[in-house]
C-alpha cells in the first residue's frame, strides 16, 4: 500500500506491475520502454479520449458500454480511431492474454489523435493515424479506505456545460478536474465535490456522487457530468430492486443533512462518504450503500466479456 493512501484511487502495491507490458499501437513494450513522441497530440494538447476498465474472473466488465462511450467521444472530436470496436477489443484482449492477466486488473485505454508535424492545435497538422495505448496493471483498492469512508471538499471550480466543454466527453483534457482535485487535496480532503454553474451539486472530480435521504437515492442530472458507466449501473440496480432513485438537482443543504452518501467509479465500484466540508454524515456505509455495493458486484458477474 502506498504510504499516504487516503483517496479512492489509491491502490495496494503489487510487485507484478514492475514488469507489465504496455500495448502501443498493438506492439507490446516493457513499461520502461513504452513511450510516445513529444509531437503526439495527446502530449501536446490533451487531444484524445480514454476509458478505464476492470478485469474480473477472466472477463472485461461492461466492455460494450465502455467501447460505446469511447467511440462516441472520438466521433465528437472528429477523430477516426482507425479500428472497429471489435478490432480494438481484440487488441486489448491480446495485451491481457500475452501476460496472463485474468483478474484484479485495471486498464487504461487511451486513443489520441496522432503525431503532429509541428506543435499546433489544428487536426490538419496531424501526420499519423491515432495513437492507441493500453496500460494494464494489477490494482486493488486499499481496503481501509472503504472501511473509513472518504472525505469530500466542495471546490470553487465549477463543472462546465456543453457551451464550454461538454462534460459527457471523456477527454484527456481534464484541467478543471485537476484544479478541483488540487483544491480538495490542499484542504485535506480525499476528493473534490463540484457544483454546476447554478450552484447545485454536479459530481466529484474523478467519481460520481450519490446521497441517500429517507430511503431514496439521489444523484445529479447528467447535464454536468460524465456519462459514468458505474453511475448508470447503480441507477439500473436501484430500479431493478425497488430502490427509489432520482436524477435531480439538489444543493449542499441536502448533502449535509443526508443519511448516507457514496461515490462510484470503475476502479473501486462504490465507496462510502464519511464527511463533506467537515459535516459528518449520519451513517457511514449505511444499509442502502451496502446493499447497492452487493447488487453492483452481482451485476458485474453478468456483464463480463470473456478474454478471447
*Output the residues belonging to the range 144-162 that are in contact with a helix residue (DSSP H, G or I) (Cβ under 8 Å, 6 or more places away or on another chain) and not in a loop (DSSP other than H, G, I, E, B).*
152, 153, 154
*Does at least one position in the range 110-129 carry a residue that is under 16 Å from the mean Cα position of the chain (by Cα) and either assigned by TED's automatic domain parsing to the domain that holds residue 34 or free of Cβ contacts under 8 Å to residues at least 60 places away in the same chain (or both)?*
yes
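Within the range 223-241, does at least one residue satisfy the condition of being farther than 30 Å from residue 135 by Cβ, assigned to a loop (DSSP other than H, G, I, E, B) and out of contact with any helix residue (DSSP H, G or I) (no Cβ under 7 Å at 6 or more places or on another chain)?
No; the residues of the range 223-241 include none that is farther than 30 Å from residue 135 by Cβ, assigned to a loop (DSSP other than H, G, I, E, B) and out of contact with any helix residue (DSSP H, G or I) (no Cβ under 7 Å at 6 or more places or on another chain).
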*Can you list the helices (runs of 4 or more DSSP H) found entirely within the range 1-101 that contain at least 3 residues being surrounded by fewer than 20 Cβ atoms within 10 Å (Cβ to Cβ) and over 18 Å from the mean Cα position of the chain (by Cα)?*
41-45, 85-97
_One residue from 211, 300, 288 being closer than 23 Å to residue 54 by Cα, in the same structural domain as residue 151 (by TED's automatic domain parsing), in contact with a strand residue (DSSP E or B) (Cβ under 7 Å, 6 or more places away or on another chain) and not in a loop (DSSP other than H, G, I, E, B)_ = 300
*Odd one out for residue 93, checked against (1) touching a strand residue (DSSP E or B) at 6+ places or on another chain (Cβ under 9 Å); (2) free of Cβ contacts under 8 Å to residues at least 40 places away in the same chain*: (2)
*Unmet criterion (only one of (1) touching a residue at least 40 places away in the same chain (Cβ under 8 Å); (2) crowded, with 16+ Cβ neighbours inside 10 Å) for residue 228*: (1)
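The values are calculated or read from the model by the stated rules, or taken from the named source; none is laboratory data. This is a predicted model, so every value here is computed, not measured. Every residue, glycine among them, receives a Cβ derived from its backbone with ideal geometry; neighbour counts consider all protein chains shown.
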